[in-house]
Structures are given as C-alpha cells and as structure tokens.
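Visitor: Got a structure for you, questions after.
Read-outs: derived from the displayed coordinates by stated rules, not from any lab. Quantities reported herein were computed from a predicted structural model and do not represent experimental measurements. Here the Cβ positions follow ideal geometry from the backbone for every residue, glycine too, while neighbour counts run over all protein chains shown.
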Amino acid sequence: MSALRVAVVGSGPAGFYAAGALLDSDISVEVDMIERLPTPWGLVRLGVAPDHPKLKSVSRAFERVADKPGFRFLGNVEVGRDLTHDDLLRLYDAVLYAVGAQTDRRLGIPGEDLPGSWSATEFVAWYNGHPEYQHLTFDLDAERVVVIGNGNVALDVARMLALTPEELAPTDATDAAIEAIGASPIREIVIVGRRGPAQASFTTTELKEMGELAGADIAVDPAELVLDPASEAALAGDTNARRNLDVLRAFSERVATGKPKTIRLRFLLSPVEIFGDGRVERIELVRNRLEEDPRGRLVAVATDERETLACELVFRSIGYRGVALADVPFDERHGTISNDRGRVLAADGNEPLRAVYCAGWIKRGPTGIIGTNKKDATETVQLLLEDVRDGRLEPRGTTAEGVDALLDERGIRRVVHTGWLAIDERERAAGEKLGRPRVKLVSWDELLETAETFAAETG
Ligand SMILES: Cc1cc2nc3c(=O)[nH]c(=O)nc-3n(C[C@H](O)[C@H](O)[C@H](O)COP(=O)(O)OP(=O)(O)OC[C@H]3O[C@@H](n4cnc5c(N)ncnc54)[C@H](O)[C@@H]3O)c2cc1C
Ligand SMILES: NC(=O)c1ccc[n+]([C@@H]2O[C@H](COP(=O)([O-])OP(=O)(O)OC[C@H]3O[C@@H](n4cnc5c(N)ncnc54)[C@H](OP(=O)(O)O)[C@@H]3O)[C@@H](O)[C@H]2O)c1
C-alpha cells in the first residue's frame, strides 16, 4: 500500500510535534510541511525572546524530525495564497493545520491606533527579525512606556526594553533592535494588569527574572498586593499564583538601587483612552475591582476612580488571535479552527470533516508554552491514526510530484529543507564572529536568494 501523504501546514512547535508523531507512527506516512515563511520553527524563531537562547534549543528536536525519511519542508508557500484548502484536499490524503495565532487582540479603546501605540505582536516580530515587520520604525525616544497585559509576553516586551547594550549584544535580536533599544532614554516601564496580582498569568520563573536585570530596578506598590477575600481563597488551589505573590511581595520590599531604568508592576487598572496630539502623550486608566461572574471566574469591573499617566509609548500585550483560513470552518468567538480535540468540524454542525485536522494555537487558542503543543499535537495525530485504522482515511495514491508540478505551474519559489539549512548556516557563521548565536537574515529577498544559491550550487 502507498504511504499516507499528509500536509502539515505551519512549521512551529505544533507542526513539528505533529510531523514527528506521524513519522514515528506504525503506518507508512509522508509529511510535507508547508510554511508561508522561508524559515521554519514559527514562534521559536520569531517569538521567543532573544535573551532566552536556551529556550530556542528545542529547535534541535525539530531538526531531528526534519531529518526523518518521508519529511519535506516547503517554505515560502502560503495556504490561502499559493495553495487553497481544496488544492490540499486534492493533493494530499490528509491536511493538518498548525498555523498558530497570526494576529493580536484589540483593546477597543479610543487612541489605540495613535502613533506610539503598538501591539506586542509587531514589536516582538520586529526585534526577532520577522521579514514582514522590518519596515517598522520603533521610535524609542521615550521617558515612560506603558505595557498593557499581565502575561509572559508583556514581561518579554518590558524586559527587552530594559536590557542594557551589554545584555543585548550577545543575542540574536536584529541589529536595528539592538541599536534602538540600546540608545533609548527610557526611564520607566509600567506593566499594567486589569486584574489583581493573584490573577496575573506570568509564570514565576519569568517574573523572578524581572528582578535580576542589570539595568533596571523593579518596583511594586505593596498597597496593590493586598488581596480581596475571593482572591485570597483562590490562592490555596493555585501554586503559580502563590509563588508569584511571594516574588511580588519580595519585590515590593526592595529599595531602588539607582539603576538607569525602573520596571513598575501595577494591578487592577484598565486603559480607558490613549491621548496625544498626533502621537501618544498619555494614557487614562481606570481602577478595577474584582467580581465573580456567573461561571465563578473573578473578572475586572471598573470603578469611578481614574488616573492619567504621561507616557510616550504604549505596548498592548493582551494576547494573540487566530486568523481564519478560506474554506476552513472557524470559531470566531475563540479565534480557532472549529474542532473536536483536533478533528476539524463541519461549519454546519458537529460532524468531523473527512481528512482535516488541526493542532497548536489554532486548535486551542493562544496559550501554553512550547511543550504544551507536544501533548496537543500528539492528541490530534492519535485521532488521525484512529481514523486510518477505522477506515475513515486511506492513501489515495497522491504523490510529491503532483505537488511540485502544481507549485511549478503557479511559479511558486519554494524553500526546501536544504535551502533552509543554507540560511541557518549563513546566519550562524555571521553570529559566530560576533559571539552571537546567529545574525538573522531579515529581508525576504536575502532569505530566498541564500536558499536558492545553495540549491544552484548543489543542483
Ligand atoms: C512573544 C512570544 C514569546 C514566547 N516565548 C516562549 C518561551 O520563551 N517559552 C515557551 O515555552 N513558549 C513561548 N511562547 C509560546 C510558544 O511560542 C507557543 O506555544 C508556540 O509557538 C505555538 O505553536 P504553534 O505551532 O501553534 O504556532 P506558531 O509557533 O505560531 O507556528 C505557526 C506557523 O504557521 C505558519 N503559518 C501561518 N499561517 C500560514 C499559512 N496560511 N500557510 C503556511 N504557513 C502558515 C507561521 O508562519 C508559523 O511558522 C511564546 C509565545 C509568544 C507569542
Ligand atoms: N517564557 C515563557 O515561557 C513564555 C514567554 C512568552 C509567552 N509564553 C506563553 O505564550 C502564551 C501567550 O502569552 P500572552 O502573554 O500573549 O498571553 P496571556 O498569558 O493570555 O496574557 C494575556 C494578558 O492580557 C490580559 N488582557 C486580555 N484582554 C485584556 C484587555 N482587554 N485589557 C487589559 N488586559 C487584557 C489578560 O488579562 P486577564 O487574565 O484578565 O484576561 C492577560 O493578563 C502564554 O501561555 C505564555 O505563557 C511563554
């Protein structure tokens, strides 16, 4: 029997964990990993903070998957632009979407789009060298910056802004980012959470790190750490929150040591409006109290108390959001592909669609660390394999040549795995001279040319 040919769309953690589980299964499988960028690894390359190089070492596990027989990488191929959902259903026996969450949530307040108000998505993509974000100019000539949100991405954004030139120099952040952040006169970075310290979604290791920066003191007002009875009660069952509180209480006892910058953590405040004449000048915040909603969740409810903070920059870090793909059923409320544990559901009901699956952030929403996607992708692959065993899915004799012929006919320049390895090698070699893990190629043309030069040399 011929191999089951699966298109895995997206090359982030979910895509690689799914491809690995498929190729390690006891049936004969071929995987084409289709990625819109010329480079693989998703947010491991373009999200994880440059000063956390150890976390990026998971990419070694991804490269081991790429080395398995039956795996092909097809970079610079976008589903929705170069190939449609119907093309994939015709060209493959099964399709597994692992496209992540490609945009951000909106605050929905006046002034959100003033120059100087940025989404974390834009800033993160810019400092990490995403080729689609390099045209942005971040004017970091600011005294005070406000970061909205209490998740790990908000901490990444605040920490990156607080790094000293010495801390930035050995990273793989882009040269433009290293220069702009290093030269910035920022004095204060205020991180604003709409709920209390017991509801913050930071993880404790990441929170602790905020108190260990060479160029920034950490400040927390002890009055904002006083818990209401419901938060106090909830702590008993929440180890992360308890540990966070311990760290925050220790931070609140610190005395400023005169470092050039201060990171200030504020709680129970929501932005109401961002003001400025042509660019951000100040932000109005409203004090919240917590109230239990009908599902027993403590939610922020605005009071009458307001305060205004002068600031020149605002970063909105309130979560990512999945984007719908044409002809793939989408759950608008959650920003995910409609699915049951990874089987994609028909738009008009709860029945699974034949041969369509999903994994990662586009399956469950934009939460969870890299490792969370392993369990998630494995669950999806197990259901796919169950469908094979039960006769709902079978090889139909589709071929890799069929895919190549269609891409050639449409004139799609694709980056195959050896092309990516050429990019990787060039970036690492440039980094080695400077004591950096890599110097990323950040323009689309350079990425494609590097990949193609290699193909021409070995072709
Ligand atoms: C800023 C940030 C920092 C993070 N830092 C950490 C960290 O330090 N440690 C940690 O454990 N976790 C971290 N995470 C979480 C972790 O990155 C995610 O859990 C994980 O990347 C989600 O995996 P995914 O494969 O679902 O999505 P992604 O990693 O986003 O991968 C999706 C891939 O699909 C591609 N794609 C999208 N649309 C298409 C299309 N139409 N056609 C083809 N390809 C497409 C994208 O280009 C991308 O490569 C961080 C997240 C963010 C946002
Ligand atoms: N080092 C790491 O391990 C690392 C680094 C980065 C990211 N990650 C992971 O990646 C995932 C995504 O991180 P994230 O920080 O984007 O998401 P997140 O953890 O979901 O945090 C989003 C934050 O935005 C707040 N928020 C949402 N809507 C808001 C609004 N309208 N006004 C004000 N605040 C609002 C949320 O508050 P509420 O709680 O009140 O909704 C929450 O504090 C997380 O699982 C994270 O752990 C991990």
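Visitor: About the Cα centre of the chain, how large is the charge dipole given +1 on each Lys and Arg Cβ and -1 on each Asp and Glu Cβ? Please answer in debye to the nearest 20.
Guide: Computed charge dipole of the chain: roughly 980 debye.
Visitor: How far apart, in nm, are the 7 Å Cα→Cβ label points at residue 242 and residue 428?
Guide: My value for the distance between the label points is 4.3 nm.
Visitor: Then there is this: May I ask for the angle, rounded to the nearest 10°, between helix 400-409 and the longest principal axis of the chain, with both axes built from Cα atoms and the value confined to 0 to 90°?
Guide: Helix 400-409 and the main axis of the chain meet at about 70 degrees.
Visitor: Extension gain residue 54-residue 408, at 0.36 nm per residue separation less the Cα-Cα distance, in nm?
Guide: On the way: separation 354, 0.36 × 354 = 127.44 nm, distance 3.86 nm.
Contour length minus Cα-Cα distance gives 123.6 nm.
Visitor: Tilt of helix 372-389 relative to the longest C-alpha principal axis of the chain, in degrees (0 to 90, nearest 10)?
Guide: That works out to roughly 30 degrees.
Visitor: About the Cα centre, and with charges only on the beta carbon of Lys, Arg (+1) and Asp, Glu (-1), how big is the dipole of the stretch 98-232? Nearest 20 debye, please. Numbers along the way, then the final one.
Guide: Working: 8 positive and 23 negative charges, 84 e Å.
For this selection, approximately 400 debye.
Visitor: OK, next. In deg cm²/dmol and to the nearest 500, what is the mean residue ellipticity at 222 nm of the chain if only DSSP H runs of at least 4 residues count, each as -39500 (n - 2.57), divided by the residue total?
Guide: Numbers: 16 runs with 152 residues, N = 459.
One gets -9500 deg cm²/dmol as the mean residue ellipticity at 222 nm.
Visitor: Quick check: residue separation of residue 275 and residue 139 times 0.36 nm, minus the Cα distance between them. What number comes out in nm? Could you put the intermediate results ahead of the total?
Guide: On the way: separation 136, 0.36 × 136 = 48.96 nm, distance 1.74 nm.
Contour length minus Cα-Cα distance gives 47.2 nm.
Visitor: For the residues 384, 207, what sequence is obtained by ranking on other C-beta atoms within 10 Å, fewest first?
Guide: Working: 384 28, 207 23.
With the fewest neighbours first, 384, 207 line up as 207, 384.
Visitor: Tell me the relative contact order for the chain as a rounded percent, counting alpha carbon contacts under 8 Å between residues six or more apart. Write down the numbers at each step before the final one.
Guide: Details: 945 pairs, mean separation 100.1, N = 459.
With pairs under 8 Å counted, the relative contact order is 22 percent.
Visitor: Using modelled backbone amide H atoms (1.01 Å from N, in-plane), which distant-in-sequence or interchain residues come within less than 5 Å of residue 112's amide H?
Guide: 274
Visitor: Just name one of 135, 118, 99: the one whose Cα is farthest towards the positive end of the charge dipole of the stretch 71-137 (beta-carbon charges, Lys/Arg +1, Asp/Glu -1).
Guide: The one lying farthest along the dipole's positive direction is 99.
Visitor: Ok, one more. Rank 318, 334, 308 by how far each Cα sits towards the positive end of the charge dipole of the stretch 283-343 (+1 on Lys, Arg Cβ; -1 on Asp, Glu Cβ) and give me just the farthest.
Guide: The Cα lying farthest towards the positive end belongs to 334.
Visitor: Amide H of residue 104: which non-local residues (sequence gap of 5 or more, or other chain) have their own amide H closer than 5 Å, using H built in the peptide plane?
Guide: 321
Visitor: At R0 = 51 Å, how high is the FRET efficiency between residue 221 and residue 64 if r is their beta carbon distance? Nearest 0.05 is fine.
Guide: Efficiency, rounded to the nearest 0.05: 0.60.
Visitor: So if we plug the beta-carbon distance of residue 301 and residue 2 into 1/(1 + (r/R0)^6) with R0 = 45 Å, what FRET efficiency do we get, rounded to 0.05? Before the final figure, lay out each step's value.
Guide: Numbers: r = 59 Å, r/R0 = 1.32.
The calculated FRET efficiency here is 0.15.
Visitor: Separate question: Tell me the angle of helix 13-23 to the major Cα principal axis of the chain, expressed in degrees between 0 and 90 and rounded to the nearest ten.
Guide: 30 degrees
Visitor: In addition: Once both labels are modelled 7 Å past Cα along the beta-carbon direction, what's the residue 212-residue 257 spacing in nm?
Guide: Output for this residue pair reads 1.3 nm.
Visitor: Stretch residue 310-residue 382 to full length: gain in nm at 0.36 nm per residue minus the Cα-Cα span?
Guide: On the way: separation 72, 0.36 × 72 = 25.92 nm, distance 5.28 nm.
Value of the extension gain: 20.6 nm.
Visitor: Pairs of alpha-carbon atoms within less than 8 angstrom and 6+ residues apart define the contacts here; what relative contact order does the stretch 401-459 have, in percent? Intermediate values should be presented prior to the final figure.
Guide: Values: 36 pairs, mean separation 22.2, N = 59.
Computed over the stretch 401-459, the figure is 38 percent.
Visitor: Could you give the size of the charge dipole of the stretch 195-288 about its Cα centre, using +1 on the Cβ of each K and R and -1 on the Cβ of each D and E, expressed in debye and rounded to the nearest 20?
Guide: Rounded to the nearest 20 debye, it is 160 debye.
Visitor: Here is a further query. Are there any trypsin sites (Lys or Arg not before Pro) in the stretch 172-244 that are in a DSSP loop and have at most 13 other Cβ atoms within 10 Å? List them by number. Could you put the intermediate results ahead of the total?
Guide: Details: sites: 187, 194, 195, 208, 242, 243; in loops: 187, 194, 195.
Loop-located and lightly packed - 187.
Visitor: I've got another one for you. Please report the relative contact order for the stretch 71-225, taking Cα pairs under 8 Å with a sequence separation of at least 6, and give it as a percent rounded to a whole number.
Guide: Numbers: 131 pairs, mean separation 36.0, N = 155.
Computed value for the stretch 71-225: 23 percent relative contact order.
Visitor: Still on this structure, I have one more. Can you compute the modelled spin-label distance between residue 27 and residue 112, with each label point 7 Å from Cα toward Cβ, in nm?
Guide: Taking the simple label geometry, residue 27 and residue 112 are separated by 4.3 nm.
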